[in-house]
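Some notes on the structure that comes next.
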Amino acid sequence: MTYFGSLVHGFHTLLTGLRITGREIGGKAVTLQYPHEEPELSEAFRSVIQLVRFEETGSHDCVACMQCVKICPSYCITIEGTKIEGIKGKRAKEFEIDFALCSLCGLCIDTCPTDTLEWSKIYDEAGTEREWVYDLLKPHEPNEQAYLTKRREVEAKEAAEKAAKREAAAKAKAEKAAKEAEAQKDAPDKPETDGGGKS
């Protein structure tokens, strides 16, 4: 290509670019001015798992059953449970996930028996080390004591109601037995029969 041909070709490509720019300049912006603007995340977007905060309790419901640990193909979940005084069952006291290993397969969410795991919407973090560990209990720490206090009250009330029902049932049974004994005592004696037929 000659010098003049290269000049014409360059001018033509410049006009083509200006034409496209002029056509699109009034349209919807496709570039996000991050971090001044936050992206609109789709429902399908998923990031590292997190513990669900249930509105009725204000906390999570992880009972440290270890189902997610057992099913995880990446071995990236670490959980430790403990028994809390005044509360039935166990509760997680440590729940960590190494996001550097997590493959976002979702098996942990599917297998959770208390439905306390979900996808988070974290999109703006990056790992700088080989280990990239999230503490899933940290966001729930401010509400933990309030949850435990409320849970103890609820379980104490339930236990009292069950005890009252058992006591009422035992009392009703005793009264019924006493009435039956009294009725049997007052019943006239039946005449004895020899059990034979007519002679």
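For the reader, a short list of remarks on this structure follows.
Okay, residues lined up against (1) of a type outside the set (Phe, Trp, Tyr); (2) modelled with pLDDT under 95; (3) under 15 Å from Val52 (Cβ atoms):
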residue	(1), (2), (3)
Lys90	yes, yes, no
Phe95	no, no, yes
Ser120	yes, yes, yes
Glu125	yes, yes, no
Glu141	yes, yes, no
Ala159	yes, yes, no
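- Lone qualifier among Cys76, Cys68 - being at pLDDT 85 or above, more than 14 Å from the chain's Cα centre (by Cα) and surrounded by 10 or more Cβ atoms within 10 Å (Cβ to Cβ): Cys76
- Leu136 out of contact with any helix residue (DSSP H, G or I) (no Cβ under 6 Å at 6 or more places or on another chain), surrounded by 15 or more Cβ atoms within 10 Å (Cβ to Cβ) and at pLDDT 85 or above: yes
- Here Thr57 does not fit the description of being part of a strand (DSSP E or B), surrounded by 12 or more Cβ atoms within 10 Å (Cβ to Cβ) and either in contact with a strand residue (DSSP E or B) (Cβ under 8 Å, 6 or more places away or on another chain) or modelled with pLDDT under 95 (or both).
- Top-ranked residue of region 23-64 - restricted to ones that are closer than 17 Å to Tyr123 by Cβ and of a type in the set (Asp, Glu), ranked as nearest to the chain's Cα centre (by Cα): Glu43
- Some residue of region 118-138 being in a helix (DSSP H, G or I), under 14 Å from Ala64 (Cβ atoms) and not acidic (Asp, Glu): no
- Meets criteria (loosely packed, with under 12 Cβ neighbours inside 10 Å, under 27 Å from Ile84 (Cβ atoms) and free of Cβ contacts under 8 Å to residues at least 60 places away in the same chain) for Glu141: yes
- Flag for Pro35 being exposed (fewer than 10 other Cβ atoms within 10 Å of the Cβ), assigned to a loop (DSSP other than H, G, I, E, B) and not charged (D, E, K, R): yes
- If you go through region 75-98 and keep only what is touching a residue at least 24 places away in the same chain (Cβ under 8 Å), assigned to a strand (DSSP E or B) and not charged (D, E, K, R), you end up with Ile77, Ala92, Phe95, Ile97.
- Taking the listed residues Glu131, Glu153, Glu125, the one that is free of Cβ contacts under 8 Å to residues at least 12 places away in the same chain, farther than 25 Å from Pro39 by Cα and loosely packed, with under 14 Cβ neighbours inside 10 Å is Glu153, with no other qualifying.
- Counting only residues that are within 17 Å of Leu148 (Cβ to Cβ) and touching a residue at least 40 places away in the same chain (Cβ under 8 Å), region 55-74 holds 7 of them.
The values are calculated or read from the model by the stated rules, or taken from the named source; none is laboratory data. Keep in mind that what you see is a predicted model, and the values were worked out from it rather than measured. Heads up, the Cβs are rebuilt from the backbone with ideal geometry, glycines too, and the neighbour counts pull from every protein chain shown.
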